[in-house]
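In what follows, a structure is listed as structure tokens, so that the remarks can point back to it.
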Amino acid sequence: VATDKLEQIVKMAAGFGGSDLNAIVAEADKKEDQLKADGVVALILQAGMHKAPGAPCPEAVIALKTFRPLLPFFKDRVKGEEGQSNLLDSFRDWISGVEGRIDSVGPAVPKMMFHLYDKDIVDEEVALAWLTKHSAANESAQKAAEDAKAAYEHVVAESEDVSSKNAEAQEVAQQAVI
């Protein structure tokens, strides 16, 4: 999202009243002609996370709890690799938008990224390419992106290992029944 558009989105998000997510999404959807699809997704992210207790710099656990309910709204609106990259850019803009937020929510970022992958919102290849691209931005961003990428890959590997073990257990159970 362009800088001027991002500033507009942040101001809109701060002006959204209440914490009802459905109301936030309905209000954001009304802005689609003005903001386009990627802007609506950015607005939902900004407004939804703006409501987190402790905002603008919520603790990682709170940020993660606030982020999870946003996922179905992203799934309905994020289409294709470009949409996925735009969502990740909006995510980066939110994380880096306020001084101190990177430190406060940083530990939750890999899990947030995993949820985007696990809920089929962002493809693994898109997430890894995006993390690689942004790890070269500057030294602190590089360290944060490398840490997030490593943690993300670890969480994905654990998830795949659990899925594999579940599949093996189901196969053994089916053979036992036969």
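The values are calculated or read from the model by the stated rules, or taken from the named source; none is laboratory data. None of the values given here were measured: they were computed from a predicted structure. Here Cβ is always computed from backbone atoms with ideal geometry, including for glycine, and neighbour counts include all displayed protein chains. All accessible areas refer to the heavy atoms of the entire protein, side chains included, with ligands and DNA or RNA removed. Shrake-Rupley method; radii C 1.70, N 1.55, O 1.52, S 1.80 Å.
Quick rundown of the values:
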quantity	calculated
Residues that are open to solvent by 40 Å² or more (accessible area, probe 1.4 Å) and part of a helix (DSSP H, G or I), drawn from the stretch 87-100	R92, S96
Pairs with Cβ under 7 Å, 6+ apart, first in the stretch 60-71 and in a helix (DSSP H, G or I), second polar (S, T, N, Q) and at pLDDT below 95	A60/S104
Tabulated pairs, the stretch 19-41, first part of a loop (DSSP other than H, G, I, E, B), second among the hydrophobic types (A, V, I, L, M, F, W, C), C-beta under 8 angstrom, 6+ apart or interchain	K31/M12; K31/V40; K31/L43
Qualifying residue in the stretch 4-22 (condition: within 25 Å of E81 (Cβ to Cβ) and under 16 Å from the mean Cα position of the chain (by Cα))	no
In the stretch 1-31, residue modelled with the lowest pLDDT [restricted to those that are open to solvent by 90 Å² or more (accessible area, probe 1.4 Å) and among the acidic types (D, E)]	D4
A173, sole failed condition from (1) aliphatic (A, V, I, L, M); (2) modelled with pLDDT under 90; (3) within 16 Å of M49 (Cβ to Cβ)	(3)
Of residues in the stretch 110-132 being among the hydrophobic types (A, V, I, L, M, F, W, C) and under 16 Å from F73 (Cβ atoms), the one surrounded by the fewest Cβ atoms within 10 Å (Cβ to Cβ)	M112
Of all residues making up the stretch 72-86, the number that are buried (at least 18 other Cβ atoms within 10 Å of the Cβ) and outside any helix (DSSP H, G or I)	1
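Yes/no per residue for (1) modelled with pLDDT under 70; (2) of a type in the set (K, R); (3) loosely packed, with under 14 Cβ neighbours inside 10 Å; (4) out of contact with any Pro (no Cβ under 9 Å at 6 or more places or on another chain):
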site	(1), (2), (3), (4)
G106	no, no, no, yes
H134	no, no, no, yes
A141	yes, no, no, yes
A145	yes, no, no, yes
A169	yes, no, yes, yes
